[in-house]
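> Before I ask anything, let me first share the structure, which is written out below as structure tokens.
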Ligand code: HEC
Ligand code: HEC
Ligand code: HEC
Ligand code: HEC
Ligand code: HEC
């Protein structure tokens, strides 16, 4: 037995040491194989809690191991001396097999390469399998191409979906989309390597699989019903940063279920009366025509004035309405400067007691900056200078208060603006409401008219009741509180 293994090692060494290439390949594979095996086991057991660990294993060590293997194979089989080539000709093998003495030797050769091949195959299979799962992980998607995915990852992390992996929305389980995603993923890696990717990544993205399948794995809007109270906290740009509230009773509605009629906002979701529309720009904001298919009946609403109505030759792309026409930003929510600051003020990250902080913060946060560093510096300097000049007492009395405010304003900036990807305030439009006439108002603008004069409604009460709009302590909320306290008293 000892003799056999000594022979194996001798043969292996002699084979490998014939060329520099194969020596290099041999060293690489034999050093990397045990390291890779240990790392993969650690990764499977989840021992190492560092998001870059997977990157090290599957995008550095793994490919290096494969490179070593390739060098080894090239070295052993291809770049050999002329006389050795004979080793692989048919005559040579025939000679080996017919000469009795040689037969045992060739058998050992075969055994050796079999063991080597099998163990390599095992390792490669293991690494590819776990590596495949790694490419499905949030760490891979969010961190590998740090700059490209930075904005998507940052916004994802403080969204309601931050516990759902990227692939659950972007790829899903069906093999058809999986293959598509891996191909487009490989293409994207090249785009990153050669720095040809678009900045910002244009909206809407085209690679999402049918969105209803995706969202409806967890949500069932046909079952939503009733109205829901939405309260929005805002701060006015005055000396006291006055806290005001907007209260909306949102008609969430449902797509109809078990004989119930579809109604309210999620009426659009029902398959009984699909809504189609034709848009003429890339952002899908310019809606030329909308039609509603209700059984046999079809109602067409057209934006054009009555005389040029229904010019069907007009260019455009047709789309069936789905969740994305309202929830296009379910996870990558980029706030406006106003909203971002209000959020920091309501949570106390920016102290409200500093006079004019909303107004001054807005002033320093909204200009266009070329880089994050520049932005952070100018925000800090801008605020310090203004408060030094106008509220010197504040700067002298309590330095920490102003420092806290500056840090909060910088945070609001960094969570929503990404200069290196050309993402500024309001780069991405959210369709959920009707900011700047977009979103719902793409169709509900009162200008889409059917042939018999019916319009898609823009009556303020059709989607929500406005219970209060930017009011300090609105009556309706006080009333609700009083009623609640009253009921709790014995
Ligand atoms: C709840 C589902 C969901 C999850 C989870 C999710 N995304 Fe998205 N993502 C979307 C949707 C929907 C869009 C399309 C927006 C559009 O086309 O207007 C999108 C768009 C993007 C874009 C294009 C840029 C943009 O903001 O429109 C990138 C990049 C992206 N996602 C990366 C990620 C990464 C990385 C993760 C995980 C860290 C992730 N996504 C998790 C739903 C999701
Ligand atoms: C894997 C399950 C899952 C998938 C897929 C998913 N969601 Fe969600 N979604 C959730 C959970 C869980 C919550 C509740 C989070 C919470 O309340 O903190 C949620 C919350 C929401 C909310 C309420 C957000 C809020 O501010 O209260 C909306 C709207 C929403 N999802 C839309 C979508 C859309 C649109 C899609 C498809 C692009 C989608 N979701 C895909 C699980 C999912
Ligand atoms: C016509 C626009 C529209 C369509 C289409 C639409 N939604 Fe909504 N959805 C809304 C609005 C508006 C709200 C409430 C406001 C908000 O969430 O900011 C809402 C709320 C929700 C909520 C939170 C419900 C709650 O009770 O808090 C979920 C989850 C949701 N939608 C999922 C979906 C899914 C999944 C689809 C696709 C099958 C879909 N929606 C289609 C407009 C729409
Ligand atoms: C692509 C066009 C389009 C968009 C975008 C759109 N809608 Fe509609 N919506 C329609 C059409 C068409 C009708 C049916 C009008 C009719 O029957 O008069 C409708 C009807 C409604 C209704 C009445 C449903 C009922 O019970 O009869 C509500 C509420 C509504 N939409 C809310 C919204 C909200 C909220 C948004 C944005 C989040 C939105 N819609 C975005 C096309 C659209
Ligand atoms: C087609 C449906 C629809 C119509 C019509 C509509 N709204 Fe809205 N509106 C919405 C939705 C959806 C939101 C919630 C967006 C969100 O979740 O942030 C909203 C939000 C608002 C807000 C709160 C904005 C904020 O974030 O502070 C105000 C104020 C408002 N609407 C006023 C109006 C007024 C005034 C009208 C009439 C001219 C009107 N809306 C018509 C759907 C509609």
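> Looking at region 255-262, is at least one residue within 16 Å of ligand 2 (Cβ to nearest atom) and either at pLDDT 95 or above or part of a loop (DSSP other than H, G, I, E, B) (or both)? Even if it seems obvious, please write down each step before you answer.
Going through region 255-262, the residues within 16 Å of ligand 2 (Cβ to nearest atom) turn out to be 255.
Still in the running and either at pLDDT 95 or above or part of a loop (DSSP other than H, G, I, E, B) (or both): 255.
Yes: one or more hits.
> Also, I was wondering about something else. Please specify each residue of region 239-253 satisfying the condition of being assigned to a strand (DSSP E or B) and more than 10 Å from ligand 3 (Cβ to nearest atom). So that I can check it myself, show each step before the final result.
Of the residues in region 239-253, the ones assigned to a strand (DSSP E or B) are 243-250.
Answer for region 239-253, where residues must be assigned to a strand (DSSP E or B) and more than 10 Å from ligand 3 (Cβ to nearest atom): 243, 244, 245, 246, 247, 249.
> Among all residue pairs at least 6 apart or on different chains, which show Cβ distances below 6 Å where the first residue, located in region 212-234, is under 29 Å from residue 468 (Cβ atoms) and the second is within 12 Å of ligand 4 (Cβ to nearest atom) and in a loop (DSSP other than H, G, I, E, B)?
So the pair list comes out as 221/255; 224/252; 227/251; 228/252.
> Which one of these is over 23 Å from residue 337 (Cα atoms), out of contact with any strand residue (DSSP E or B) (no Cβ under 9 Å at 6 or more places or on another chain) and either more than 16 Å from ligand 2 (Cβ to nearest atom) or in the same structural domain as residue 152 (by TED's automatic domain parsing) (or both): 435, 399?
Values: 435 fails: over 23 Å from residue 337 (Cα atoms).
Result of the check over 435, 399: 399.
> Then there's this: Taking interchain pairs and intrachain pairs at least six residues apart, which have beta carbon atoms under 8 angstrom, with the first residue in region 424-439 and away from ligand 5 (no atom under 12 Å from the Cβ) and the second not in a loop (DSSP other than H, G, I, E, B)?
Correct list of pairs: 425/337; 425/416; 429/435; 429/436; 429/439.
> Looking only at region 142-168, filter to residues that are more than 15 Å from ligand 2 (Cβ to nearest atom) and surrounded by 18 or more Cβ atoms within 10 Å (Cβ to Cβ); which one of those is farthest from residue 415 (Cα to Cα)?
144
> Is it the case that residue 402 is surrounded by 16 or more Cβ atoms within 10 Å (Cβ to Cβ), assigned to a helix (DSSP H, G or I) and away from ligand 4 (no atom under 16 Å from the Cβ)?
Taking the combined requirement at face value, the residue satisfies it.
> Residue 261 - would you say it is within 15 Å of ligand 4 (Cβ to nearest atom) and free of Cβ contacts under 8 Å to residues at least 24 places away in the same chain?
Against the criterion (within 15 Å of ligand 4 (Cβ to nearest atom) and free of Cβ contacts under 8 Å to residues at least 24 places away in the same chain), residue 261 qualifies.
> In addition: Given the criteria modelled with pLDDT of 85 or more, outside the structural domain of residue 56 (by TED's automatic domain parsing) and within 16 Å of ligand 5 (Cβ to nearest atom), does residue 238 qualify? Working first, answer last.
On the way: modelled with pLDDT of 85 or more: yes; outside the structural domain of residue 56 (by TED's automatic domain parsing): yes; within 16 Å of ligand 5 (Cβ to nearest atom): no.
Against the criterion (modelled with pLDDT of 85 or more, outside the structural domain of residue 56 (by TED's automatic domain parsing) and within 16 Å of ligand 5 (Cβ to nearest atom)), residue 238 does not qualify.
> Restricting attention to region 202-232, which residues are within 23 Å of residue 335 (Cβ to Cβ), more than 9 Å from ligand 2 (Cβ to nearest atom) and over 14 Å from the mean Cα position of the chain (by Cα)?
Those that are within 23 Å of residue 335 (Cβ to Cβ), more than 9 Å from ligand 2 (Cβ to nearest atom) and over 14 Å from the mean Cα position of the chain (by Cα): 228, 229, 230, 231, 232.
> Okay, next question. In this structure, does residue 464 turn out to be at pLDDT 90 or above, within 16 Å of ligand 2 (Cβ to nearest atom) and touching a strand residue (DSSP E or B) at 6+ places or on another chain (Cβ under 8 Å)?
Against the criterion (at pLDDT 90 or above, within 16 Å of ligand 2 (Cβ to nearest atom) and touching a strand residue (DSSP E or B) at 6+ places or on another chain (Cβ under 8 Å)), residue 464 qualifies.
> Look through 351, 330, 367 and report the one residue that is over 17 Å from residue 244 (Cβ atoms), without any contact (Cβ under 8 Å) to a residue 40 or more places away in the chain, assigned to a loop (DSSP other than H, G, I, E, B) and in contact with a helix residue (DSSP H, G or I) (Cβ under 8 Å, 6 or more places away or on another chain).
367
> Would you pick out the residues in region 17-44 that are modelled with pLDDT under 85 and exposed (fewer than 12 other Cβ atoms within 10 Å of the Cβ)?
20
> Related question: I'm told residue 131 meets every condition in (1) modelled with pLDDT under 80; (2) away from ligand 1 (no atom under 16 Å from the Cβ); (3) surrounded by 14 or more Cβ atoms within 10 Å (Cβ to Cβ) except one. Can you identify the failing condition by its number?
Going through the list (1) modelled with pLDDT under 80; (2) away from ligand 1 (no atom under 16 Å from the Cβ); (3) surrounded by 14 or more Cβ atoms within 10 Å (Cβ to Cβ), residue 131 breaks only (1).
> Could you go through region 452-471 and let me know if any residue there is over 30 Å from residue 268 (Cα atoms) and more than 16 Å from ligand 4 (Cβ to nearest atom).
The answer is yes, given that some residue of region 452-471 is over 30 Å from residue 268 (Cα atoms) and more than 16 Å from ligand 4 (Cβ to nearest atom).
> Every residue in region 439-477 that is surrounded by 16 or more Cβ atoms within 10 Å (Cβ to Cβ) and within 13 Å of ligand 3 (Cβ to nearest atom), please.
Hits for region 439-477 are 439, 440, 441, 442, 443, 444, 456, 463, 464.
> Tally up the residues in region 433-451 that are out of contact with any helix residue (DSSP H, G or I) (no Cβ under 6 Å at 6 or more places or on another chain) and over 20 Å from residue 278 (Cβ atoms), please. I'd like the intermediate steps shown before the answer.
Initial filter on region 433-451 (out of contact with any helix residue (DSSP H, G or I) (no Cβ under 6 Å at 6 or more places or on another chain)): 435-451.
Then drop every residue that is not over 20 Å from residue 278 (Cβ atoms), which leaves 435-436.
Within region 433-451, residues that are out of contact with any helix residue (DSSP H, G or I) (no Cβ under 6 Å at 6 or more places or on another chain) and over 20 Å from residue 278 (Cβ atoms) number 2.
> Just to be sure before I move on: is residue 434 within 16 Å of ligand 3 (Cβ to nearest atom) and buried (at least 18 other Cβ atoms within 10 Å of the Cβ) in the structure I sent?
When the stated conditions are applied, residue 434 does not pass them.
> Another question, if that's okay. Here's a check for you: in region 103-116, which residue that is surrounded by fewer than 13 Cβ atoms within 10 Å (Cβ to Cβ) and over 16 Å from residue 6 (Cβ atoms) is modelled with the highest pLDDT?
114
> Among the residues of region 225-240, how many are touching a helix residue (DSSP H, G or I) at 6+ places or on another chain (Cβ under 6 Å) and surrounded by 15 or more Cβ atoms within 10 Å (Cβ to Cβ)?
Number of matching residues: 3.
> Continuing with the same structure: Could you identify the single residue in 342, 373 that is within 14 Å of residue 236 (Cβ to Cβ) and either loosely packed, with under 15 Cβ neighbours inside 10 Å or within 29 Å of the chain's Cα centre (by Cα) (or both)?
342
The values are calculated or read from the model by the stated rules, or taken from the named source; none is laboratory data. Model, not experiment: these values are computed from the prediction. Virtual Cβ from ideal backbone geometry, glycine too; neighbours counted across all protein chains shown.
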